[in-house]
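Enquirer: Got a structure for you, written out below as structure tokens; questions coming shortly.
The values are calculated or read from the model by the stated rules, or taken from the named source; none is laboratory data. The model shown is predicted, which means the values in this text are computed figures rather than measured ones. A quick note on method: Cβ atoms are made from the backbone with ideal geometry, for glycine too, and the neighbour counts reach across all protein chains shown.
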Amino acid sequence: MAAQPQSSTPAQALIDFDSIKNLTLAEAKAVDRLIVEELSSDVVLINQMGHYIVGSGGKRLRPMLLLLAAKALGEVSQSHLILAAVIEFIHTATLLHDDVVDESDLRRGKESANAVWGNAASVLVGDYLYSSAFEMMVRTGNMRVMEILSKTTTAIAEGEVLQLLNCNNPETTEAKYLEVIARKTAILFSAATRLAAVISSESPEVEENLAQYGQHLGVAFQLIDDALDYKANPEELGKNLGDDLAEGKPTLPLIYAIQNGSESEAAIIIDAIQNGNRDAFNEVYAVVQKTQAIAYTEQRAEDEAQKAIDALAVLPESEFKEALKLLAKFSVQRSY
């Protein structure tokens, strides 16, 4: 049996997310106006669903990362604003498709779009958002932007398929799990921060470091998401606890618990993953707690967050660089 991890690092002062968000408030409002304009369609259902999902809350973290990185590099241009909206459209499209694949009925504490309008409408409006995103990015007139975002959307789709292949498979390894989240989640964080550097005409070194910052931050963010499925307040989290288990997703807390529990404890989790058994949540939760799988997952997230912070060394000191560091810390401290 592998050595048990110690509990995660001592509690730090809680990060004030709103204070970070306020640093890009004016630019974020401009991005929101762009989003509203782009959602304007003579197809009523597109308007309804687009506004429902985009306006249903969320941290707007990905466009915020792009805006903060741009400000850390100098200033925010119109192309930065357009690409922040593009990033949010791509993210929203993936949420619509995810909820259909996962048969989810709750998103950010509200009924998911597919629960309200059905799966077919959700898939088609998700496709519309993807198409709109590519139409918008063309306006930047930058082929490098097109290259980055086309590779990003391809990687996201590959990550989705890999996750589907891993579903109900308790033999999924930590390496395979990390490959899924690198493609499915972290790649869009990485694209957001890389694009800020591209539009600001920064050096290849700065571009690559910002991309690495986004990649590590995205991995940390998803690791904490998967840990929260076994410890969060459901109302604060905005989804039902045990959703990952019900969908048969072998996330890191479960993978670690299987590897470090007794044979009978591992059998409980293996059966729950194979059958997508939410009813086994309490038993699974007990094994996850006993094996310190949450502490292990949180420690892995903290390691990724530190790598993200280290990648910012190439940036000049500023309140925006400090905000990017704080976001990395927030990603592992959050409870939602």
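Enquirer: Any idea which residue in segment 64-78 is surrounded by the most Cβ atoms within 10 Å (Cβ to Cβ), counting only those that are part of a helix (DSSP H, G or I) and of a type in the set (Gly, Ala, Ser)?
Expert: Ala69
Enquirer: Which of the residues spanning segment 128-185 are of a type in the set (Phe, Trp, Tyr) and modelled with pLDDT under 95?
Expert: Narrowing segment 128-185 to residues of a type in the set (Phe, Trp, Tyr): 128, 130, 134, 177.
Of everything in segment 128-185, those that are of a type in the set (Phe, Trp, Tyr) and modelled with pLDDT under 95 turn out to be Tyr128, Tyr130, Phe134.
Enquirer: Oh, and also: Can you go through Glu135, Glu158, Glu147 and tell me which one is farther than 21 Å from Thr297 by Cβ and touching a Lys or Arg at 6+ places or on another chain (Cβ under 9 Å)? Before you say what the answer is, go through the steps one by one.
Expert: Numbers: Glu135 fails: touching a Lys or Arg at 6+ places or on another chain (Cβ under 9 Å); Glu147 fails: touching a Lys or Arg at 6+ places or on another chain (Cβ under 9 Å).
One residue alone meets the criteria, Glu158.
Enquirer: Answer yes or no as to whether Ala257 is out of contact with any strand residue (DSSP E or B) (no Cβ under 9 Å at 6 or more places or on another chain) and either closer than 30 Å to Ser112 by Cα or surrounded by fewer than 19 Cβ atoms within 10 Å (Cβ to Cβ) (or both).
Expert: When the stated conditions are applied, Ala257 does not pass them.
Enquirer: Which condition breaks for Leu61 when tested against (1) under 20 Å from Glu160 (Cβ atoms); (2) over 18 Å from the mean Cα position of the chain (by Cα)?
Expert: Against the list (1) under 20 Å from Glu160 (Cβ atoms); (2) over 18 Å from the mean Cα position of the chain (by Cα), Leu61 comes up short only on (2).
Enquirer: Give the residues of segment 304-336 that are acidic (Asp, Glu) and free of Cβ contacts under 8 Å to residues at least 40 places away in the same chain, sorted by residue number.
Expert: Of everything in segment 304-336, those that are acidic (Asp, Glu) and free of Cβ contacts under 8 Å to residues at least 40 places away in the same chain turn out to be Asp310, Glu317, Glu322.
Enquirer: Is there a residue in segment 230-241 that is farther than 28 Å from Ala69 by Cβ, buried (at least 18 other Cβ atoms within 10 Å of the Cβ) and of a type in the set (Asp, Glu)?
Expert: no
Enquirer: Still on this structure, please answer the following. When you go through (1) hydrophobic (A, V, I, L, M, F, W, C); (2) free of Cβ contacts under 8 Å to residues at least 60 places away in the same chain; (3) touching a Leu at 6+ places or on another chain (Cβ under 7 Å) one by one for Phe134, which number turns out not to apply?
Expert: Going through the list (1) hydrophobic (A, V, I, L, M, F, W, C); (2) free of Cβ contacts under 8 Å to residues at least 60 places away in the same chain; (3) touching a Leu at 6+ places or on another chain (Cβ under 7 Å), Phe134 breaks only (3).
Enquirer: Just to be sure I understand, how many residues within segment 275-332 are assigned to a helix (DSSP H, G or I), closer than 30 Å to Glu75 by Cβ and of a type in the set (Gly, Ala, Ser)?
Expert: The number of residues fulfilling the criteria is 7.
Enquirer: So, one more: Answer yes or no: is there a residue in segment 56-79 that is in contact with an Asp or Glu (Cβ under 6 Å, 6 or more places away or on another chain), under 18 Å from Ala186 (Cβ atoms) and touching a residue at least 40 places away in the same chain (Cβ under 8 Å).
Expert: Yes, the conditions are met somewhere in segment 56-79.
Enquirer: Same structure, new question: In segment 286-302, what residues are free of Cβ contacts under 8 Å to residues at least 60 places away in the same chain and surrounded by fewer than 19 Cβ atoms within 10 Å (Cβ to Cβ)?
Expert: Ala286, Gln289, Lys290
Enquirer: Something else about it: Among residues belonging to segment 40-78 that are among the small types (Gly, Ala, Ser) and touching a Lys or Arg at 6+ places or on another chain (Cβ under 8 Å), point out the one that is farthest from Glu205 (Cα to Cα).
Expert: Ser56
Enquirer: Still on this model: How many of the residues in segment 303-328 are closer than 16 Å to Gln222 by Cβ and surrounded by 18 or more Cβ atoms within 10 Å (Cβ to Cβ)?
Expert: Of the residues in that region, 5 qualify.
Enquirer: Among the helices (runs of 4 or more DSSP H) lying completely within segment 190-265, list those that include at least 2 residues that are closer than 27 Å to Gln333 by Cβ, in contact with a helix residue (DSSP H, G or I) (Cβ under 8 Å, 6 or more places away or on another chain) and at pLDDT below 95. Let's see the steps before the verdict.
Expert: Details: elements: 204-228, 234-237, 243-246, 252-260.
Answer list for segment 190-265: 204-228, 243-246.
Enquirer: For segment 148-190, enumerate the residues that are small (Gly, Ala, Ser) and more than 20 Å from Gln212 (Cβ to Cβ).
Expert: Listed by number, the residues that qualify are Ser150, Ala157.
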